[in-house]
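Participant: Here it is: the structure, laid out below.
The values are calculated or read from the model by the stated rules, or taken from the named source; none is laboratory data. This is a predicted model, so every value here is computed, not measured. Positions of Cβ are backbone-derived with ideal geometry, glycine not excepted, and every protein chain shown enters the neighbour counts. All accessible areas refer to the heavy atoms of the entire protein, side chains included, with ligands and DNA or RNA removed. Shrake-Rupley method; radii C 1.70, N 1.55, O 1.52, S 1.80 Å.
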Amino acid sequence: MRRKKEAVLCFESSDDELPKVVRDYRARFRAISQVLDDNPEILTAVHGDLLKLSEGDSQGREGDFTSENILRALIVQDMEGLPFREAVIRIGGDGFLQDFARMRKKAVMDYSFLDKCFLAIRPETWRQVNELLGRYGVEQGAINPKVIRTDTTVVESNIHYPTDSSLLWDSWRVAARLLERARKIVRKSVPHRFHSRKIKGLYLNITRYMPSKSESRQQRVKAAFRTLIERVEGIVAIAGDFCKEYRSSNNPELSAVALQLQAYLPSMQTVAATARRANVKGETVPASARVFSLFEPHTELIQRGRRQKPVEFGHKVLLCETAEKFITDYEVYEKQQPDCDLTQPVIERHEKLFGERPVVLAADKGFCPEKSKFEELAKLVGNLAIPRRMQDFMDKLLASCQAFRAGIEGTISGLKRAFRWVRCFFRGLRVLPGR
């Protein structure tokens, strides 16, 4: 069983003789520590998830680290912007950070354990923590929830640029690698031979000559595509037969390979089918029918009209923040929605969280719904500062609100540069219930 917290003395050292930059650094962590102490509900919420890591101990031993130790260590890791390994090293070598994490008399946890703890905390728990901090900020007079601004951005998945040829090569190499692993376990389970070097040569020829305007080279590219698609369809069929026969095998190693391969099969089949439609039959395949990665199949293609980056691969994220740059609300959408459909849910969630609707809601033109819906929403909010046409900017109040709205662009930029929002390096998509 894991204890929630334990009584310890902390922050015993004096900072008077330290440089100002160090005093400011420590003051920030002291302020965070005070917020955590003032809001025990935050620790309670996280403790419920971390208990799962200490279940099933037949001897009834307690965990070495309390939930408070783990939560504070995760805060250090996020504040410092460090990988888990380096965060553990930083805490272990700094007595002040050990005081903050309340581990002065303990050895620091292993970085792999800290990673497991981070993954054990559910997304809805982090949302609950953010809501608790929002209400606390209002009680302390630190934030004003009556005036908010909102915008969307895209956080990209950790994938290479998806072309049909690269996805076909990914399908081949993953299937061949797993089938060859199965053959090493039981030789007769996979009697086929795989010529991966030839398949890679086809992929490289397509990549090299696809941009060429020569008619003869385009014919060679089309012939290579046909061959590559046929070979991938063949190995996918072999993989499907292998999974049917061995996923319930008495050999646990063979069964594990079959189950791992079966997880990739739907994406492989989609890749082969869409590649044939697009490059052999000449059809235009919609993005909704495609898979953009074998390893992150949830990835969406998102077009936002940006000149420097017209197409992005990831998921749309909605942010709402106050003038004090506190993010009061956020959503990660599994399936993208038009911005104009997000305005009403923003108002409803704000009212649920703070007990009142915002007086001012500023957003860009994309959040503007149709005329009848706009008038309906305008009655719910004191000032729905969303322009409908360019003439609206002649209104001084709206122009002022739009200048305020532009501040969220800086927040998004800061999140992407300083908090690694440009690309998500975590595997898979964990969404909130009901999303």
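Participant: Take the residues in segment 387-408 that are without any contact (Cβ under 8 Å) to a residue 40 or more places away in the chain and among the polar types (S, T, N, Q); name whichever of them is nearest to Glu375 (Cα to Cα). Before the answer, list the steps.
Facilitator: The first filter runs over segment 387-408 and keeps only residues without any contact (Cβ under 8 Å) to a residue 40 or more places away in the chain, leaving 387-400, 403, 406.
Next cut, among the polar types (S, T, N, Q) only: 391, 400.
Details: Gln391: 17, Ser400: 21 Å.
Taking the candidates together, the pick is Gln391.
Participant: So, one more: Which one of these does Leu361 not meet: (1) surrounded by fewer than 15 Cβ atoms within 10 Å (Cβ to Cβ); (2) modelled with pLDDT of 90 or more?
Facilitator: Unmet condition: (1).
Participant: May I ask you to verify whether Val174 is in contact (Cβ under 8 Å) with a residue 12 or more places away in the chain, over 30 Å from Leu415 (Cβ atoms) and not charged (D, E, K, R)?
Facilitator: yes
Participant: Mind checking whether some residue in segment 390-404 is under 22 Å from Gln336 (Cα atoms) and open to solvent by less than 70 Å² (accessible area, probe 1.4 Å)?
Facilitator: Within segment 390-404 (the criterion being under 22 Å from Gln336 (Cα atoms) and open to solvent by less than 70 Å² (accessible area, probe 1.4 Å)), the answer is no, since none of the residues qualifies.
Participant: How many residues does segment 181-227 contain that are assigned to a loop (DSSP other than H, G, I, E, B) and open to solvent by less than 50 Å² (accessible area, probe 1.4 Å)?
Facilitator: Qualifying residue count for the region: 5.
Participant: Restricting attention to segment 317-358, which residues are crowded, with 18+ Cβ neighbours inside 10 Å and hydroxyl-bearing (Ser, Thr, Tyr)?
Facilitator: Thr322, Thr328, Thr343 - these are the residues of segment 317-358 that are crowded, with 18+ Cβ neighbours inside 10 Å and hydroxyl-bearing (Ser, Thr, Tyr).
Participant: Exactly one of (1) in contact (Cβ under 8 Å) with a residue 40 or more places away in the chain; (2) basic (Lys, Arg); (3) closer than 27 Å to Leu228 by Cα; (4) in a loop (DSSP other than H, G, I, E, B) is unmet by Lys281. Its number?
Facilitator: Failed condition: (1).
Participant: Next up: Would you point out the residue of segment 366-385, among those that are under 28 Å from the mean Cα position of the chain (by Cα) and either closer than 19 Å to Glu321 by Cβ or at pLDDT 95 or above (or both), that is surrounded by the most Cβ atoms within 10 Å (Cβ to Cβ)?
Facilitator: Top of the filtered list is Phe367.
Participant: Sticking with this one: Out of (1) within 12 Å of Trp172 (Cα to Cα); (2) hydrophobic (A, V, I, L, M, F, W, C); (3) more than 35 Å from the chain's Cα centre (by Cα), the odd one out for Ile229 is which?
Facilitator: (3)
Participant: Conditions: (1) without any contact (Cβ under 8 Å) to a residue 60 or more places away in the chain; (2) charged (D, E, K, R); (3) surrounded by fewer than 16 Cβ atoms within 10 Å (Cβ to Cβ); (4) in a helix (DSSP H, G or I). Glu253 meets all but one. Number of the miss?
Facilitator: All conditions pass for Glu253, except number (1).
Participant: Can you tell me which residue within segment 156-180, out of those that are part of a loop (DSSP other than H, G, I, E, B) and of a type outside the set (A, V, I, L, M), is surrounded by the most Cβ atoms within 10 Å (Cβ to Cβ)?
Facilitator: Pro162
Participant: Moving to a separate point now. Could you pull out the residue among Ser293, Ser288, Ser267 that is open to solvent by 60 Å² or more (accessible area, probe 1.4 Å) and under 19 Å from Asp164 (Cβ atoms)?
Facilitator: Ser288
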